[in-house]
């Protein structure tokens, strides 16, 4: 990376989990082991056992997947800084996280401690699961269709636009029957592809409203301070640093749309040219390239990727 480049950190959301993630970091990095052990201790259970050994179905459960992805993201960040020196990539211009990833960004910025972040994310997972049980639903990705047209389909079908990921990929949420209607409408109106998603609920939609009050109480109960680095918020695609604004974003986000394309475009407009995806998976790097292929992307997901970066 050109040291004069303006760079940003990105943190992945639910769906990036995989059995075995973080195990090598745990074995070989003291910094990663400290993160994993502290999260196990704060949660009062061995989350790492589920992460490292599975079974996959158990890791996929929201209450496990969310703190697990947070743990790996923070372990990757701390290991990278240990391997490359604290001054390397120490102060990104801004950060963003995709849904759950906002909590990783807040912990990375110092607005939340690792302990508080893991407890808050576990509570978020519990509340989301309860909302899913109360209001069953699902999600679908619509590819290759105009955003305005998808909003019209959502309104007509009684579904919600939940993730605007790129120009080509928008995700809708809602009750299963209504999602099927929306999928059929999108196909009839010329969508390139319509893909039902294998998820446990209608995330980032009105069906998550039962989780809102509980999350608001949980957010108020933790020590959340101003962020030292601006976090570009999912719902507004604008930077937030004040703790009051961060709290509002976290509560709104649980049933609000993730404006990821707008988030990345804002960063690019602010001069960011280099994006570091920190945590499991490569989905966000792929989205950045689809939004603007001129951007530089780097994936920090394990020791090999950290050492590869060190040698560039």
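Quick notes on this structure:
- Enumeration of residues in the range 170-202 that are modelled with pLDDT under 95 and either over 10 Å from residue 138 (Cβ atoms) or surrounded by fewer than 14 Cβ atoms within 10 Å (Cβ to Cβ) (or both): 198
- Number of positions in the range 69-128 that are more than 22 Å from residue 5 (Cα to Cα) and not in a helix (DSSP H, G or I): 7
- The numbered conditions (1) over 27 Å from residue 267 (Cβ atoms); (2) in contact (Cβ under 8 Å) with a residue 12 or more places away in the chain; (3) over 16 Å from the mean Cα position of the chain (by Cα) are all true for residue 62 except (3).
- For the residues 35, 39, 63, the requirement of being closer than 22 Å to residue 199 by Cα and in a helix (DSSP H, G or I) singles out 63.
- Candidate set from the range 283-312 (those that are free of Cβ contacts under 8 Å to residues at least 24 places away in the same chain and part of a loop (DSSP other than H, G, I, E, B)); member that is nearest to the chain's Cα centre (by Cα): 293
- Among the residues of the range 234-261, those identified as buried (at least 18 other Cβ atoms within 10 Å of the Cβ) and touching a strand residue (DSSP E or B) at 6+ places or on another chain (Cβ under 8 Å) are 234, 235, 239, 240, 246, 249, 257, 258, 259, 260, 261.
- Selected residue [in contact with a strand residue (DSSP E or B) (Cβ under 8 Å, 6 or more places away or on another chain), crowded, with 18+ Cβ neighbours inside 10 Å and assigned by TED's automatic domain parsing to the domain that holds residue 247] from 71, 107, 111: 111
- Residue 272 crowded, with 16+ Cβ neighbours inside 10 Å, in the same structural domain as residue 88 (by TED's automatic domain parsing) and either in contact with a strand residue (DSSP E or B) (Cβ under 8 Å, 6 or more places away or on another chain) or not in a helix (DSSP H, G or I) (or both): yes
The values are calculated or read from the model by the stated rules, or taken from the named source; none is laboratory data. Worth saying up front: this structure is predicted, and the values here are computed from it rather than measured. No Cβ is skipped: glycine too gets one built from the backbone with ideal geometry, and neighbour counts run over all protein chains shown.
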